Structure formats: structure tokens, C-alpha cells
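**Q** To start, I am sharing the structure in question, which I have written as C-alpha cells.
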Amino acid sequence: MKQNKNSNMKFAVVLILVAVGILGAVVIFSNKQETLPTEIKKIDVTVQPSLGEKDAPVTVVEFGDFKCPSCKAWGEMIYPQLVDEYVETGKVKFSFVNVLFHGKESTLGSIAAESVFKRNPGVYWDFHQALFDAQPTENHDAQWLTPERILEIAGGLPEIDQTLLKEDMEQEATMDNVKIDEDLVREAGVSMTPTIVINGKMMEDPFDYEAIKTVIEQEIKDKN
Ligand code: CA
């Protein structure tokens, strides 16, 4: 009889442990559900460089900075999949907005990129890529985005007139466009780079490609 009582006790303890386990799983699961994207106003990308079909049903905006290591990583880890799967299939238009969280170098890189976009839109994305490629993998806080280095990078793209690019950087000729980007950053409440916004939905984790896919697929479904 005593033994029976003991095993009943054991059974009860096991039951409680199982219940706690289930409860824990539910809490974790509902926490996961909470990382849904934040709804913000749709980003106006009219004057932004855009890749893909003009009338694609979904617009993905990257708020990024040529000086930011995570943006370089995003460009290597997430961007190629996104382009293959969604931009080249006409489902997504991809736009880039400059963020100036790393001070003078961010500003200079943005002015240069806006200049290339204005004068040679056809090579903008190549220049954009070349700037990220040139970002050092180590000691990235040290100064590297200088006018000399930018001209050197531009030298790899014969379409770019280096004299005009140099003048644009010296005169901050495309500052108005950089200011437009700064306004978008403020309005959207961007606080980190990269920030990814899909049809006005700001992603919690820019590196969660599965979550990005889910939102894109949902947006495509909603449009049909
Ligand atoms: Ca811009």
C-alpha cells in the first residue's frame, strides 16, 4: 500500500513536469508569434534606386549604410536569395535608402552613391555592390570611406565619370537626395541597420529569411 502511494506520488510529479513543459512550450511559441513585423506607413521609393519590376506587387526596402558591417553581411547572406527568388521572378521590387548612422563616412558614401544613381542609374547597383565589397572585414570602424577610395572603387566602372563624381562629392551636390533619405529614416522610425520593410511592414529580424518569405508570400496573396 505504501509503495502504491509512492508510485502515485511519482506519477503526479511526472504529470506536473509534463504540464510545466507544455506550458513552457506554449509560452515560447506565443513569444515567437510576437515577433511579427511592425506595421508602419508604406515607404515612398519614387526617388530611390529600385531593382526589379516597376509594378511588382511587393516592395522590399532596405535601410542600409555602406559603413555598416551588418549591411555588408545582409548583402552576402540574404540579398542574393531574395533577388533569385523574388526580384528576378517579378514579384518584388527592391529599393535602398541611405542611413547615416556612422557619421561623415556614411554621408560621403551616400552622396557618392546618389551621384552615381543620378548620372548613371544603369550602374548604380554595381557601384552599390562595389562599395560594400570594399568595406574591410576587420577594423571596419577605422576610416575607409574617403573620396580617394570612392574614386578608386568608381574606377572599376568605366561608365562613371570620375571628374563629375569628384565634383559631386566636393560640392555635396546630391545632399538633397541624402536629406530625403534621412527624412524617410526618421518617419519610418528606423533605429538599426539594416532595417527591412516589406510593403510597410518592418521586420523584427532582417536576417530571418523565412520570416521575410512569409511576409512576401502573404502580401502576394493579399494582392490577388
Ligand atoms: Ca536615396
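**Q** Along segment 40-48, what does the Karplus equation 6.51 cos²θ - 1.76 cosθ + 1.60 (θ = phi - 60°) give for ³J(HN,Hα), rounded to whole Hz, x for Gly and Pro?
**A** Result, rounded to whole Hz: 10, 5, 4, 7, 7, 9, 3, 9, 9.
**Q** Let me ask something else. I want to verify a result. In a Gaussian network model of the chain, Cα cutoff 10 Å, which of these has the top mean-square fluctuation: Val83, Val197, Val58?
**A** Val83
**Q** Would you please give the residues with an amide H less than 5 Å from that of Val97, counting only those at least 5 places away or on a separate chain, with H modeled from the backbone geometry?
**A** Glu62, Phe63, Gly64
**Q** Here are some pairs, Lys93/Lys166; Lys41/Lys201; Lys118/Lys179; which of them have Cα atoms lying more than 19 Å apart in this structure?
**A** Lys93/Lys166
**Q** Quick one: Karplus J couplings for segment 132-137, per residue in order, coefficients 6.51, -1.76, 1.60, θ = phi - 60°, nearest Hz, x for Gly and Pro?
**A** Each residue of segment 132-137 in turn: 5, 4, 6, 5, x, 7 Hz.
**Q** Give me the percent of Cα-Cα pairs in the chain that sit more than 21 Å apart, rounded to a whole number. Could the numbers behind the result be given before it?
**A** Working: 15183 of 24976 pairs.
Cα-Cα pairs of the chain separated by over 21 Å account for 61 percent.
**Q** Can you tell me the 0 to 90 degree angle between the C-alpha axis of helix 175-188 and the longest principal axis of the chain, rounded to 10?
**A** Between the helix axis and the principal axis of the chain, the angle is about 10 degrees.
**Q** How tilted is helix 209-223 with respect to the longest principal axis of the chain? Cα atoms for both, answer in degrees (0 to 90, nearest 10).
**A** Helix 209-223 and the main axis of the chain meet at about 80 degrees.
**Q** Send over the Kirkwood Rh of segment 117-161, from the inverse of the averaged 1/r over different Cα pairs, rounded to one decimal Å.
**A** 11.2 Å
FYI, it's all coordinate maths here, none of it is from the lab. These numbers were taken from a predicted model, which means no experiment stands behind them.
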